[in-house]
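The values are calculated or read from the model by the stated rules, or taken from the named source; none is laboratory data. Note that the structure is predicted; figures quoted are calculated from it, not measured. Every residue, glycine among them, receives a Cβ derived from its backbone with ideal geometry; neighbour counts consider all protein chains shown.
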Amino acid sequence: MIFVFTKKCTALLLALCLFFCLPATASALSFADMDGDGRILAADARLVLRAAVGLTPTTAEMRNAGDVNGDGNLNPDDARAVLRLAVGLGNKDDSGLRGMDGARLIGLTSNEYRIYEKDGSTYIDGILIANKTYSLPSTYDPGDLLPECKQAFNAMCDDAWYYDDINLYEVSGFRSYATQKRIYNNYVASDGKAEADTYSARPGHSEHQSGLALDVNSLKNAFAYTAEGKWLAANCHKYGFILRYPYGKSDKTGYIYEPWHIRYVGVERATKIYNSGLCLEEYYGITSQYNY
Ligand SMILES: [Zn+2]
């Protein structure tokens, strides 16, 4: 009798476990991983398609995980995108992420680049992204320009001076979260929030916090017409930098034209972006808009 009771109890416990555990597992579904097995495979694409056409009942978490184009619905386009991810497409270049443990796939850009999150920061094409949409956590603090950025900048300054009599120098490099907070709040106090948002980043959104961006020579538009400004625009990609906020791209970058602000992305990417004539946001297919 006791034996039977125990067996029943065990069965009941198991059923209860399954009942309560399954939704818990489902709530941990990550981007494009519809069945929660930790991988993005053709089976996930099939699930998205079946859900999109109403053949498979879905939970809110499944709809969230499967809506890879972020339009709020599950449709065949999502299934197609998941299938492309499953077969290794939609990652035009993830090479920079090799060896980056713990990076989590969180989305796909409109140009089909994978968006990764690690320690609260966002990476696309292997590079750190900081703009109005993607922020850096307050704890991200390299304390200075990162070595690769510093070395590339020094090499560029040396060559500019040696070969072309061009004198380039840093006027503003790394800025911590706390420093940016102080600067931004000062601008808001004097010009108002709406105006300040066009030229100063909110704390966590400044590229200067990344340690990969710096301002060169002069913070004036006239810098673009100087020999130094022209040299920088024409040559910085050869050293791995891009003009981050180019002329006529304010609606994409979220910032006014800044001929002095350069961002290190590596020579290969910088050259591709320079040749494309696109700003970083257009090149990768991302937005730069505050969502708060
Ligand atoms: Zn700057």
| query | Among (1) part of a loop (DSSP other than H, G, I, E, B); (2) surrounded by 14 or more Cβ atoms within 10 Å (Cβ to Cβ); (3) at pLDDT 90 or above, where does THR139 come up short? | reply | (2)
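For every residue, the table says whether it meets (1) in a helix (DSSP H, G or I); (2) charged (D, E, K, R); (3) modelled with pLDDT under 95.
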position: ALA224; (1), (2), (3): yes, no, no
position: GLU228; (1), (2), (3): yes, yes, no
position: ALA234; (1), (2), (3): yes, no, no
position: LEU243; (1), (2), (3): no, no, no
| query | Which condition breaks for SER288 when tested against (1) touching a helix residue (DSSP H, G or I) at 6+ places or on another chain (Cβ under 9 Å); (2) within 16 Å of the ligand (Cβ to nearest atom); (3) over 20 Å from TYR116 (Cβ atoms)? | reply | (3)
| said: Taking the conditions exactly as written (modelled with pLDDT under 80, hydrophobic (A, V, I, L, M, F, W, C) and on the phi < 0 side of the Ramachandran plot), does LEU55 satisfy them or not? | reply: no
| request: Give TYR239, TYR274, TYR177, TYR264 a once-over and let me know the one that is of a type in the set (Phe, Trp, Tyr), within 14 Å of the ligand (Cβ to nearest atom) and buried (at least 17 other Cβ atoms within 10 Å of the Cβ). | output: TYR264
| said: So in region 215-235, with the set limited to residues that are on the phi < 0 side of the Ramachandran plot and either in contact with a Gly (Cβ under 9 Å, 6 or more places away or on another chain) or not assigned by TED's automatic domain parsing to the domain that holds VAL171 (or both), which one is nearest to the ligand (Cβ to nearest atom)? | reply: ASP215
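Condition check ((1) more than 26 Å from TRP161 (Cα to Cα); (2) basic (Lys, Arg); (3) in contact (Cβ under 8 Å) with a residue 24 or more places away in the chain) across all residues:
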{"position": "TYR184", "(1), (2), (3)": "yes, no, no"}
{"position": "SER190", "(1), (2), (3)": "yes, no, no"}
{"position": "LYS193", "(1), (2), (3)": "yes, yes, no"}
{"position": "LEU212", "(1), (2), (3)": "no, no, yes"}
{"position": "VAL216", "(1), (2), (3)": "no, no, yes"}
{"position": "GLY229", "(1), (2), (3)": "no, no, yes"}
{"position": "LEU232", "(1), (2), (3)": "no, no, yes"}
{"position": "CYS236", "(1), (2), (3)": "no, no, yes"}
{"position": "PHE241", "(1), (2), (3)": "no, no, yes"}
| query | If you check GLU207 against the conditions, is it among the acidic types (Asp, Glu) and within 15 Å of the ligand (Cβ to nearest atom)? | reply | yes
